[in-house]
Structures are given as C-alpha cells and as structure tokens.
Amino acid sequence: MTYKRMREIQIMADEFRQYCKVIKYGIVDIFDECERCGFKLVRYPIGEDGVLGFVQNRDDDKIIFSNSSVRLSREIFTIAHEIGHLCLHMKMRESYLEDVHTLKDYTEESEEVEANYFAACLLMPEDKVHKYISLEMATEWEKQWTAFDISKMMTSFNVSFDMILNRLQNLEIIDEKTKSRLDNEKNLKKVSNLLRMTGGDVRINVSSNVKRIPGEYIEWVIYNYNHNVIPQKTLEKALGYFDIRIEDISDKLRIAEEIEEDDLEALIGGIGE
Ligand SMILES: [Zn+2]
C-alpha cells in the first residue's frame, strides 16, 4: 500500500469515527454504529468454523453479516473490516466474504489489506494510541510494559490482545522482540485471567452468540425467496425467528416451487449471487 493510499484510508476511517459514540479511546458499540449509519446488520451464531462475516450490496441496502460464534473482539474487528469494504470498495464489487480458512490466501489481496488497515485506523487511531500511552501507561518505556498493561488497553479500545500488539508494532511503537515477549506472557497468563485481574470486561474475550436480525430482514428474506435464492424451508426457518408463519405473508410470495437445498449460506443471503 502506498503512503498516499494509507493517508486516504486513514482520513476515511477518521470521518466514519466522527459519527461514532466514543468514550475516551474506544468505540462504545460498533454494532450500534452500523445501524446508526443505515447499514443492515445481521449477527447470528453459525459456529466457530463458519465464515467470519460478509458484506453485500443488495438494491439500496448495505448488509453486514457477522458470525457471533467467534470471540467478541474478533467479531468487532470483522465488523470494522466490513465497514472498511463499504467505505472503500463497494463501488467496485457487490460483495465480500470473510472466511477464516482462506484468510491466509487473501491477505495478499490489496482490498483485504486495505480493509484491515481501515479497521485498525477506526478502532485504534494513531493519535488515540499515543494519547493512551502518555496518559494511561505507567511508563512510556515499552520495554517495561507487561501483558497487564496490554489487557487494560483491550478494555479501553474494545479490541483483542493480538490486535493491540499488531497495531503497536505497525505504528513502530514496539519491535518484534517486545511483541513476542508480551505474546508469550499472554499465553502463560491467559487473556481471560488478565482481564479479570485488571478489572476488565471478560465478555470481550468470549463469543456473544447474539442473534440480532433487523426488521427489514423479513423483506429481504422474502425478496430472496421470490428471486429463487433461498428455498421455502429456509424461508420458514427465517420467519420463525420472528414467530411469523408462512401463511401470514402469503400475499407477498411468488407461487411456491419445490427447491431442495437448505443451508445457512442460503439463509443469510445467497453469498456470491
Ligand atoms: Zn474482506
């Protein structure tokens, strides 16, 4: 990524952040921010092995899906990454899928690198990181920082331990040696213990398994069904989340046809359609 492009992304992340509710350092609730910005957010626990999330342009709707079976701090990063795609790339492509299994393959892709950089700038802006270090750290000398210091930072920025280490290294605040020392200390003491001992919120380190589906989702599911993207069984299941029966919305449906497949990818919108 060129310096010029990094600056552009930083500016866009800053602009987005201006609208977010921030307490001191971190964004309070990035999920709320998605909705405040008019994105359609769907959070659903589809299992630890499922996709991390995806973003899709459907008609005038910008849909972000995130898998709430993964650690909350990881889910927050995925959301920030998807917002990055929406702000940076959606004029070029209709959808992006974040799959943990292919993550290694596509970290080389520039759009993925850019979305990750956007997420880092959004969640941990450089000026806030420096402010935190000068006001909150016991010492500015990074060689003396411990895993406890990093776990306190987790709570302030609402991000994962690993993300903080990566960000500090990318900003050239810590070197590789300090990073691996802190990483080793984390592995020994465990993040949940560190959070507990520093009075942090341990929920950031576990999955929330939240089911959050916007009202428009019903319209969207019906649209997908009417356009043959999802089968009737999936439609019934999706409506079931709202205790709606298929008979209740029958006037909005096309004539039903027999379609065999039934899987969650179809449910969440026919990825890649
Ligand atoms: Zn991506």
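The values are calculated or read from the model by the stated rules, or taken from the named source; none is laboratory data. Not measured: the values here are computed from a predicted model. Because the Cβ atoms are built from the backbone with ideal geometry, glycine has one as well, and the counts that use them run over all protein chains shown. Note: areas computed on protein heavy atoms with side chains; ligands, DNA, RNA excluded. Shrake-Rupley method; radii C 1.70, N 1.55, O 1.52, S 1.80 Å.
Under the simplified labelling scheme, the residue 196-residue 212 pair shows an inter-label distance of 2.7 nm, with each label point 7 Å from Cα along Cα→Cβ.
The overall shape of the range 3-123 is rounded: from the C-alpha gyration tensor, with semi-axes ordered a ≥ b ≥ c, the ratio a/c is less than 1.5. Under 27 Å of direct C-alpha separation, and excluding same-chain neighbours fewer than eight residues apart, residue 179 reaches these lysines: 24, 104, 128, 131, 143, 152, 189, 190. Annotation for residue 111 and residue 226: the two label points, set 7 Å from Cα along the Cα-Cβ direction, are 2.8 nm apart. Dipole of the chain computed with +1 at Lys/Arg Cβ and -1 at Asp/Glu Cβ about the Cα centre; of 53, 234, 73, farthest Cα towards the positive end is 73. In a simple Cβ point-charge model (Lys, Arg +1; Asp, Glu -1; nothing else charged), the chain has a dipole of about 1440 debye relative to its Cα centre.
Could you work out the Rg to Rh ratio of the range 126-203, with Rh taken as the Kirkwood radius (inverse of the mean 1/r over all Cα pairs)?
Result: Rg/Rh = 0.92.
Accessible area per residue for the chain, computed on protein heavy atoms with a 1.4 Å probe, is 52 Å². Against the chain, whose longest principal axis comes from its Cα atoms, helix 72-88 is set at around 70 degrees.
The angle separating the long axis of helix 110-123 from the principal Cα axis of greatest extent in the chain is about 70 degrees.
Antiparallel DSSP bridges in the chain: what percent, to the nearest 5? Roughly 75 percent of the DSSP beta bridges within the chain come out antiparallel. Taking Cα atoms only, the orientation of helix 216-226 departs from the longest principal axis of the chain by about 50 degrees. Taking 29 Å as the straight-line reach from the Cα of residue 252, the lysines in range (excluding those fewer than 8 positions away in the same chain) are 40, 62, 211, 233, 237.
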